[in-house]
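**Q** Following this message is one structure expressed as structure tokens.
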Amino acid sequence: MANPADFGLTCHADDERLRLDAWRCNVGAQVALDLTTPQATQNVPSHRGLVVLSWNVWIGRGRLRELVSRIRNGDYVELGADPDVPLVVLAQEAYRSDSSVPQLQAGPAGRVLIAQLGPQEDVVETAHELGMNLRYAPSMRNGADQSDRGNAILSTLPLEGAHAVELPLVLQRRVAVTATIALGETRLRLVSAHLDPRGPPGRKWLGAYGRALQARHLIASVEDDTAILGADLNLGRGRYESAWRLLGEAGFTFGVPPSLPRWRHTFHALPRLVLDYLLVRNRDGAIAEAHVHRLDEHPHDRGARVFGSDHHPLLARIDLQPSSGKCQ
């Protein structure tokens, strides 16, 4: 296990700090696991490619182990997911249950209820079973259960410089997690984030305004020239929202060359909306190509769930320039 001191948390200090304190008291510790063997990280492909899976796993109900196993078995090789290429998972609503989660404290921060609709995968157990490195930052607890949920990064490559970034409080506490991987001389910043779906009851401003606040804070925390952002942005108004404009102005685009998704939704429940994004920042041109695909469990996108979640996974193949000649 990595030293937890290397996985810092930047707390958001605003006028809601007392409310944020209550949310913090109801979650467990951050998790940093280094589980890949040295042999597994020595054989980075010469073509300098990377497979990235971004997915809101719906409080652990998404069958992440199964999907990663299918990627490793070559089920999505036609989408560029070569089993021999390093793999990164950017997970939102990852579920964790262990003794570090405290007893339920009084107040609304402890009453985030969830319906029990099936088995839930613990992201720490999943990392152990898959043999992947993990950085997990909890955002909120799950009601009375001794468990919490948040954002996570899993990787077959070593994770360095990990940090948890607490976003401005809008409806619920949100903590993004970032870390860096190296492919040759190129370093890429990974970010997993989840913005609020709406604003708090009784407030004069709506969720779009709150998401813009959170996006602006997240952007300020990611200064790297080369970055990959996997997020449930909850853009209820689509790409008309300020949060989307801010991300674009900060250099985050959908694919290289920039493009827009072809699918009409990623949220599989109703109303069906495009909420999930896998974006890249390529300021120094280190990324040669990036292609993103929506994964469907059923070929005609039928069924109540998608691999157990109410969100579609997004799968990307990212290739770096043969030799960027730059070290960030």
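All of the numbers you see were taken from the coordinates with simple rules; none came from a lab. As the structure is a computational prediction, the values presented were derived from the model and not from experiment. Methodologically, a virtual Cβ is constructed for each residue, glycine included, from the backbone with ideal geometry; neighbour enumeration extends over all protein chains shown.
**Q** Go through 188-194, 177-183 and give me the packing order, highest mean Cβ count within 10 Å leading. Intermediate results must be reported in sequence, preceding the final value.
**A** Values: 188-194: 25.9, 177-183: 22.6.
For the peptides 188-194, 177-183, the packing ranking is 188-194, 177-183.
**Q** Within the chain, what's the longest stretch lacking GluC sites (Glu not before Pro) that sit in DSSP loops with no more than 14 other Cβ atoms inside 10 Å? The partial results should precede the final answer.
**A** Values: sites that count: GLU185, GLU223.
In short, 1-184.
**Q** Another question about this same structure. Helix-only estimate, please: 222 nm mean residue ellipticity of the chain, summing -39500 (n - 2.57) across DSSP H runs of length 4 or more and dividing by its residues, to the nearest 500.
**A** -4500 deg cm²/dmol
**Q** Of all the stretches in the chain, which is the longest one without any exposed loop site, taking chymotrypsin sites (Phe, Trp or Tyr not before Pro) in a DSSP loop (any state but H, G, I, E, B) with at most 16 other Cβ atoms within 10 Å?
**A** Counting at most 16 other Cβ atoms within 10 Å as exposed, the longest clean stretch of the chain is 1-204.
**Q** Let me ask another. Pairs of alpha-carbon atoms within less than 8 angstrom and 6+ residues apart define the contacts here; what relative contact order does region 4-320 have, in percent?
**A** Rounded, it is 20 percent for region 4-320.
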